[in-house]
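The values are calculated or read from the model by the stated rules, or taken from the named source; none is laboratory data. Owing to the predicted nature of the structure, the values given are computational and were not obtained by experimental measurement. Backbone-built Cβ (ideal geometry, glycine too); neighbour counts: all protein chains shown. Ligands, DNA and RNA are stripped out before the accessible areas are found, and what is left, the full protein with its side chains, is counted by its heavy atoms. Shrake-Rupley method; radii C 1.70, N 1.55, O 1.52, S 1.80 Å.
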Amino acid sequence: MTWANNMIRDHYPGWVGIDDIIVASIHEHLVRGGVALDVGCGRRSPLGASRDRLSLLVGTDLKIGDLEENVDIEAVVAADGAGLPFPPCLFDLVVSKTVIEHMLDPLSFFREAYRVLRPGGVFIWATSNLRSLPILVSALTPLGVHKWVYRQGFGS
């Protein structure tokens, strides 16, 4: 990961990445003592750094193995974002990073996020920019190539 950060720093000095934007949004909208949900949390959550400011941090994902490895989340639930198994108005903050593009029914996901948010709650979501070169290359290459590149760059 260091090589990627160095390349971005050296070649794109004004770069603000998706992670930076999401973390800034979380800090802006996080309610101290609130309850937060990360839909599609995977192995890490951008909410992890703010866990001490929350009363509860819940994460959902469809990959059980990723949920078991996630050290950021206090409570994990195997669930699809289009069918969240939570009562209405439970969360102060719902976050979802690069998940919606994988969903079969994105509209249901937006409805569910709205349903589980408390009045005045905030939904922060981000998706890949289809016009960016990395995403275009990713769309045109087989999944096996993605996995190989990821293992080479990140070692897992």
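Output the direction-averaged projected area (hull surface divided by four) of the convex hull of the alpha-carbon atoms of the chain, in nm².
Mean projected area of the Cα convex hull: 10.0 nm².
Near the amide H of PHE123, under 5 Å away, which other amide H atoms are found, from residues 5 or more places off or on another chain, if H is placed in the peptide plane?
Distant-sequence amide H within range of PHE123: VAL94.
For the chain, what is the calculated [θ] at 222 nm in deg cm²/dmol (nearest 500), taking -39500 (n - 2.57) for each run of four or more DSSP H residues and dividing by its residue count?
Numbers: 6 runs with 58 residues, N = 156.
Rounded to the nearest 500, it is -11000 deg cm²/dmol.
If you plug each phi of the range 47-53 into the Karplus form 6.51 cos²θ - 1.76 cosθ + 1.60 with θ = phi - 60°, what whole-Hz ³J(HN,Hα) values come out, in order, with x for Gly and Pro?
Here the 3J(HN,Hα) series is 7, x, 5, 9, 4, 5, 8 Hz.
If I build a Gaussian network model for the chain, linking alpha-carbon pairs within less than 10 angstrom, which residue out of PHE123, PHE110, PHE91 has the largest mean-square fluctuation?
PHE110
Percentage of Cα-Cα pair distances in the range 1-68 greater than 20 Å, rounded to whole percent?
Value for the range 1-68 (Cα pairs over 20 Å): 42 percent.
Tilt of helix 143-154 relative to the longest C-alpha principal axis of the chain, in degrees (0 to 90, nearest 10)?
Rounded to the nearest ten degrees, it is 90.
Using a basic spin-label model with each label point 7 Å from the Cα along Cα→Cβ, how many nm lie between ILE18 and VAL71?
According to this spin-label approximation, the distance is 2.3 nm.
What is the angle, in °, between the Cα long axis of helix 18-29 and the longest principal axis of the Cα atoms in the chain? Nearest 10 is fine, range 0 to 90.
20 degrees
For LEU143 and ASP10, FRET efficiency with R0 = 35 Å and r from the beta-carbon atoms, rounded to 0.05?
That gives a FRET efficiency of 0.70.
How much of the accessible area of the chain, probe 1.4 Å, is carbon plus sulfur, in whole percent?
Its accessible area is 60 percent carbon and sulfur atoms.
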